[in-house]
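S.K.: Encoded as structure tokens, here's the structure I'll be asking about.
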Amino acid sequence: MSRPVRVRFAPSPTGYLHVGGARTALYNFLYAKNRGGKFILRIEDTDLERSTEEAMHMQIGDLKWLGLNWDEGVNPETLEDMGDKGPYRQSQRLEIYKEYAEKLIASGTAYYCFMTDEEIDKQREELKAAGKPPQVQSPYRDMDPAESKKKLDSGESAVVRFKVPKDKSEFVLKDLVRGEVKFPSDMVGDFVLIRSNGMPVYNFCCAIDDALMEISHVFRAEEHLSNTLRQMMVYEALGLEVPEFGHLSIILGADKQKLSKRHGATSCNQYRELGYLPEAMNNFIALMGWSHPEGKEVMTSEEMQKAFSTDRLNPASAVFDEVKLKWMNASHLRELDHAELWSRVKPFLDEAGLELPEDPQWQDRALSVFKTSMETLADAVELFRPISAKNYKVDDTAADALSWDSSKAVIEKWKSLVAAAAEDYLSEEQFVEAQNAVKTECGVKGKHLFMPIRVAVIGKPQGAELKHLVPLMKKDLLIERAQLALNQ
Ligand code: GLU
């Protein structure tokens, strides 16, 4: 009988959520949703030197931003346990690991090893020199437990090592992504379960937790394959049920090298700051290693949840294509209704110090004009900047246009026509009419007409089309700016 689906994302809180981590979280989330299962967040913070509370907040913040909400685990707001299989932070489960380490020692599948670092290094060098795999060969592997106990009681320090079985030639994993993977059991030496400072190591905690939290499926990065072998040994030694595994393809940069900071932004948080939408990030990340059965590209989370299945996970490496991400972002951005889009754009406009009308109808009109020119939320800043109430200043590039004999009259006329308009805002047609009237009355055309008006509107002789900008600018603002241009 198949087990209830319970999957988890288990980040080590050592920094921001990387796109690779986000993909792991997303696939687990999509699988849970598709199968009506539970998605769990567990924090793997036993590496005391590298784990920080701050990084845990950052990871949780990024997962929340992506909307990958979990059913069980660390509560996203209070950080308390949420669910009945906690604690969900490994640093709070030390007693549990100790108990299981003792079970393994009692059953003879783990032992205390008293080798010093120097002895290990020396042995490694000797093994290498002899052309053998540099795996630890501990003289304590078969020590009588009573004798080990005596050494411990006398204050000697020891690690707990797992006794890798010598009677089994290989371990076979039926991987959900890669098919059958065979590991020779001598691929790893007796590995450490508990360090001499009493802290358990990842492979041990992970296996115990996945078993006790009744995790049914583990989707994680390919680089964990050799850890999986160690974890399978732990499950077997303890008689615990082994989850199914799916090892996800590696992610490469455009140059086909493993994706790293060298390639630019690699953390979700950076993309959020660059103005990417979580909808687009999820969609883009989902397609790095999975595909929709009908080849759909732009999808909502619900569509992905519905279509997600392990048989479409691709073992070949995926390429992080920034051009595609941008395109996908633009596609999702255009799907948002204007009220929603405004709420997403607003923090970027505020951050840039722009002052724009609060009126939702104005915002709706403005987005109709600018939306098609936006690929990211951050693109809004330069599009809106010219019409921000605060931002008018006559640019140095305007000097030439302002020096022409006809320019003053052009701007005066423009100003008086704007002032004569009945409504607060000119329509596009009214703007064109006003421009034509200036042309006739001042007897100017071409650049002698357009440039001084543009300077009077945005402070520069070049820029976006005035027929788009002017209808978004209040009459008073246009008059004030024309006056400032005249005062030059
Ligand atoms: N804490 C591990 C990591 O961040 C989790 C690996 C796993 O999913 O088992 O790489």
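S.K.: For residue 178, which sequence-distant residues (separation of 5 or more, or a different chain) have an amide H within less than 5 Å of its own amide H, given hydrogens modelled in the peptide plane?
M.R.: For residue 178, the qualifying residues are 247.
S.K.: Here's something else I'd like to know. Sorted from largest down, what three extents in whole angstroms do the Cα atoms of segment 204-315 have along their principal axes?
M.R.: Each principal axis gives a Cα extent; for segment 204-315 these are 48, 34, 24 Å.
S.K.: Rg (Å, one decimal) plus Dmax (Å, integer) for the alpha carbons of segment 250-293?
M.R.: Rg then Dmax for segment 250-293, in Å: 11.5, 33.
S.K.: Over 32 Å between C-alpha atoms is what I'm after, so list which of 390/467; 33/174; 439/474; 174/306; 393/447; 64/474 land there.
M.R.: 64/474
S.K.: Tell me, what ³J(HN,Hα) does each residue in segment 151-164 have, in order and in whole Hz, if you take phi through Karplus 6.51 cos²θ - 1.76 cosθ + 1.60 with θ = phi - 60° and put x for Gly and Pro?
M.R.: 4, 5, 4, 7, x, 6, 9, 8, 9, 9, 10, 7, 8, 5
S.K.: Quick one: go through segment 95-134 and flag any residue whose amide nitrogen is under 19 Å from the point 7 Å out along the Cα-to-Cβ line of residue 151.
M.R.: Backbone N within reach: 101-124.
S.K.: What translational diffusion coefficient, to the nearest whole µm²/s, does the chain have by Stokes-Einstein, given a Kirkwood radius computed over alpha-carbon pairs, a temperature of 10 °C and 1.306 mPa s viscosity?
M.R.: Estimated via Stokes-Einstein, D reaches 58 µm²/s.
S.K.: Next up: From the helices alone, meaning DSSP H stretches of at least four residues, give me the mean residue ellipticity at 222 nm for the chain, per-run term -39500 (n - 2.57), in deg cm²/dmol to the nearest 500.
M.R.: Rounded to the nearest 500, it is -13500 deg cm²/dmol.
S.K.: Can you tell me how much longer the chain between residue 98 and residue 429 gets when fully stretched, taken as 0.36 nm per residue apart minus their C-alpha distance, in nm with one decimal?
M.R.: 111.4 nm
S.K.: Amide H to amide H under 5 Å from residue 314: which residues, 5+ apart in sequence or cross-chain, H placed 1.01 Å off N in plane?
M.R.: The list, which skips near neighbours in sequence, is 290.
S.K.: Once both axes come from the Cα atoms, what is the angle between helix 117-129 and the longest principal axis of the chain, in degrees from 0 to 90, rounded to 10?
M.R.: Long axis of 117-129 versus the principal axis of the chain: about 90 degrees.
S.K.: Modelled label-to-label distance, residue 172 and residue 436, 7 Å Cα→beta-carbon offset: nm?
M.R.: Inter-label distance under the simple model: 8.3 nm.
S.K.: Let me ask something additional. Between residue 322 and residue 486, what FRET efficiency comes out of the Förster formula 1/(1 + (r/R0)^6) with R0 = 41 Å and r the beta carbon distance, rounded to 0.05?
M.R.: Computed FRET efficiency for residue 486 and residue 322 comes out at 0.35.
S.K.: What lysines could a cross-link reach from residue 98, if we take a straight Cα to Cα line under 26 Å and drop same-chain neighbours fewer than 8 places away?
M.R.: In chain and number order, the partners are 85, 149, 150, 151, 163, 166.
S.K.: Over segment 143-184, what per residue volume does the convex hull of the Cα atoms give, in whole Å³?
M.R.: Taking the convex hull of the Cα positions in segment 143-184, it is 109 Å³ per residue.
S.K.: Roughly how large, in nm² to one decimal, is the mean projection of the convex hull of the alpha-carbon atoms in segment 119-204?
M.R.: With every direction weighted equally, the projected area is 7.7 nm².
S.K.: To the nearest 10 degrees, how steep is helix 225-238 against the longest Cα principal axis of the chain, on a 0 to 90 scale?
M.R.: With rounding to tens, the tilt is 40 degrees.
S.K.: Taking the Cα atoms only, what angle lies between the long axis of helix 475-486 and the longest principal axis of the chain, rounded to 10 degrees?
M.R.: 70 degrees
S.K.: If I take every Cα pair under 8 Å that is 6 or more residues apart in the chain, average their sequence separation and divide by the length, what percent do I get for the relative contact order?
M.R.: Relative contact order here is 12 percent.
S.K.: Right, something else. Reported to two decimal places, what Rg/Rh ratio describes segment 43-140 when computed on Cα atoms with Rh from the Kirkwood expression?
M.R.: Rg divided by Rh gives 1.16.
S.K.: Using only the alpha-carbon atoms of segment 295-439, report the extent along each of the three principal axes, biggest first, to the nearest angstrom.
M.R.: 72, 33, 29
S.K.: Now a separate question. If you plug each phi of segment 289-296 into the Karplus form 6.51 cos²θ - 1.76 cosθ + 1.60 with θ = phi - 60°, what whole-Hz ³J(HN,Hα) values come out, in order, with x for Gly and Pro?
M.R.: x, 9, 9, 6, x, 9, x, 4
S.K.: Then there's this: Stretched out fully, how many nm does the piece from residue 254 to residue 389 gain, at 0.36 nm a residue minus the Cα gap?
M.R.: Between residue 254 and residue 389, full extension yields an extra 44.4 nm.
S.K.: Extent of segment 191-241 along each principal axis, from alpha carbon coordinates, in Å, largest to smallest?
M.R.: 31, 24, 17
S.K.: A further question on this structure: What nm value, rounded to one decimal, do you get for the distance between residue 465 and residue 362 when each label is placed 7 Å out toward the C-beta?
M.R.: My value for the distance between the label points is 2.3 nm.
Since every read-out is calculated from the coordinates, none of them should be taken as a lab result. The model shown is predicted, which means the values in this text are computed figures rather than measured ones. Reconstructed Cβ throughout: ideal geometry from the backbone, glycine too, with neighbour counts over all protein chains shown.
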